[in-house]
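Below is one structure, written out as structure tokens; comments come after it.
The values are calculated or read from the model by the stated rules, or taken from the named source; none is laboratory data. Here the structure is a predicted model, which means the values were calculated and not measured. Note: ideal-geometry Cβ built from the backbone for every residue, glycine included; neighbour counts use all protein chains shown.
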Amino acid sequence: MTTTAALHPAQRRILTVLIAAQILSGAGLAAGITVGALLAEDMLGTTGLSGLPSALFTAGSAVAAALVGAISQRRGRRTGLAAGYATGAVGALGVVIAAAVDDVALLLAALVVYGAGTATNLQARYSGADLATPAHRARALSVVLVATTLGAVVGPNLVTPLGALATSWHIPPLAGPFLLATIAYGAAAVVLWALLRPDPLLTARAVAGSDPADPSHSTAGHSAAELSDTGPSAAGLSDTASGDSAGDRRRVLLGSAVMVLAQLVMVAIMTMTPIHMQHHGHSVGAAGVVIAVHVAAMYLPSPLSGYLVDRYGRMPVAVASGITLLVAGLVAGFSPPQSVTLLAVALGLLGLGWSFGLVSGTTLITDNTSLATRAKTQGLVDVAIAVAGAGGGLASGLVVATGSYTVLSLGGGVLAVALLPVIALATRPRRTSHRDDRPTATPTGH
């Protein structure tokens with residue numbers, strides 16, 4: 001099998017439905033990113049806790065990731081994803097109500113529930129890869145990720161008109177984007193529940209002849225043979241293809257580490273950028289533009305990330321993630337605070353580094369998990385990613401309050417390159433073994 005369509009005729013329809021849902025959910029995702037910290041600062045009256053919304057909705061997304069993964073494992077992706085988006089819609093509505101009645105306790109609780117939408121938006125990427133062959137797996141999941149771009153880019157640029165709409169309804173203007181999130185997440189839930197048929201995970205099990213109770217079936221075990229004739233990509237992908245269960249676990253842990261560090265660094269710098277801009281006289285609209293560039297760079301290059309992962313291997317793109325995040329931190333840290341352009345460049349690089357990390361890490365994990373336990377494992381991995389995001393969001397406000405945005409950005413960039421020694425240690429033995437095998441093959445033939 002050489003294409004995703006060849007694996008199952010439903011793959012094209014499944015990707016179309018996922019794309020539609022991701023376009024809608026992208027707008028809901030962008031609301032909390034753009035104005036969450038500003039709303040908290042306004043209601044709490046302090047900058048030190050302005051990272052709390054990011055911490056809360058990412059903490060909520062950690063719980064939701066585990067639940068969505070568990071539900072998907074038992075009932076399929078359709079049920080899990082629809083439930084996650086519906087919960088996110090309820091949380092977004094709760095934020096609007098909390099802002100309207102000036103109830104901080106309700107705001108904090110609603111932000112936790114709102115996090116379910118963030119978790120579900122990320123979990124959807126796994127659905128695109130369920131029916132894809134290993135040689136096209138990264139590109140399949142990247143198609144789902146890139147669909148988030150439209151809603152996520154449009155959302156932040158609606159901050160000003162949505163604020164005006166909220167004001168006309170006697171609601172604080174910063175709650176306006178959460179009105180959009182309520183509608184967007186709710187619509188995504190309806191689209192998935194009504195149209196995601198057949199279910200991609202359940203169909204993949206049926207196609208593979210896999211008994212859900214049998215953990216012995218794994219796509220990782222046949223990846224090497226299937227990819228042996230794929231040219232330059234074979235060497236990079238051979239690192240991910242192992243029938244050895246211990247090797248599989250190592251690669252799941254490595255994929256998790258790549259995504260966790262990328263998420264932590266990205267959330268920390270992203271969360272404080274609107275606050276940094278506001279403190280230097282920029283408008284909420286200007287911050288919305290910078291965040292729109294950032295979110296576009298997170299999702300729009302996904303097809304490029306997927307192509308690079310499939311073409312050159314999981315590990316090289318993971319390395320590129322760490323280097324790109326380091327450059328983003330340097331640009332953000334040394335940019336004059338008056339320069340919206342340079343801040344946009346920094347946040348764009350931040351999004352691109354995150355994209356490299358997410359696609360390479362996700363593909364590593366999918367390569368090395370069985371269909372019998374895949375959704376549950378993916379959910380637990382996303383819990384770790386969400387916890388990292390929560391920690392980054394909470395710590396970011398404290399770092400800026402006690403130090404500066406420059407300290408935060410430079411520290412995040414340095415932390416990102418911690419990926420590099422981890423990847424080097426994880427890949428060196430297998431690459432050495434692979435080189436040792438190749439020269440001996442030719443002499444034995446004579």
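Restricting Leu81, Leu67, Leu131, Leu56 to those that are farther than 19 Å from Ala375 by Cα and not small (Gly, Ala, Ser) reduces the list to Leu56.
None of Ala59, Ala132 is over 30 Å from Leu44 (Cβ atoms) and of a type outside the set (Asp, Glu) except Ala132. Determine, yes or no, whether Ala132 is buried (at least 24 other Cβ atoms within 10 Å of the Cβ), of a type in the set (A, V, I, L, M) and either free of Cβ contacts under 8 Å to residues at least 12 places away in the same chain or not in a helix (DSSP H, G or I) (or both). So Ala132 fits the description; yes. Residues in the range 140-161 that are crowded, with 24+ Cβ neighbours inside 10 Å and over 16 Å from Val17 (Cα atoms) were compared, and the one that is modelled with the lowest pLDDT is Pro156. Scanning the range 262-289 for residues that are part of a helix (DSSP H, G or I) and of a type in the set (Ser, Thr, Tyr) yields a count of 2.
Exactly one residue out of Ala246, Ala241 is in contact with a helix residue (DSSP H, G or I) (Cβ under 7 Å, 6 or more places away or on another chain), modelled with pLDDT under 90 and among the aliphatic types (A, V, I, L, M), and it is Ala241.
Taken over the range 313-328, the residue count meeting the criterion of being within 11 Å of Val417 (Cα to Cα) and small (Gly, Ala, Ser) is 4. Return the residues of the range 345-366 that are over 18 Å from Ser302 (Cβ atoms) and buried (at least 20 other Cβ atoms within 10 Å of the Cβ); say none if nothing qualifies. Listed by number, the list holds a single entry, Ala346. The set of residues from the range 274-289 being surrounded by 18 or more Cβ atoms within 10 Å (Cβ to Cβ) and either farther than 17 Å from Leu29 by Cα or modelled with pLDDT under 85 (or both) comprises Ile275, His276, Met277, Gln278, His282, Val284, Gly288. For Ala375, the requirement of being touching a Leu at 6+ places or on another chain (Cβ under 7 Å), touching a residue at least 40 places away in the same chain (Cβ under 8 Å) and crowded, with 24+ Cβ neighbours inside 10 Å is met.
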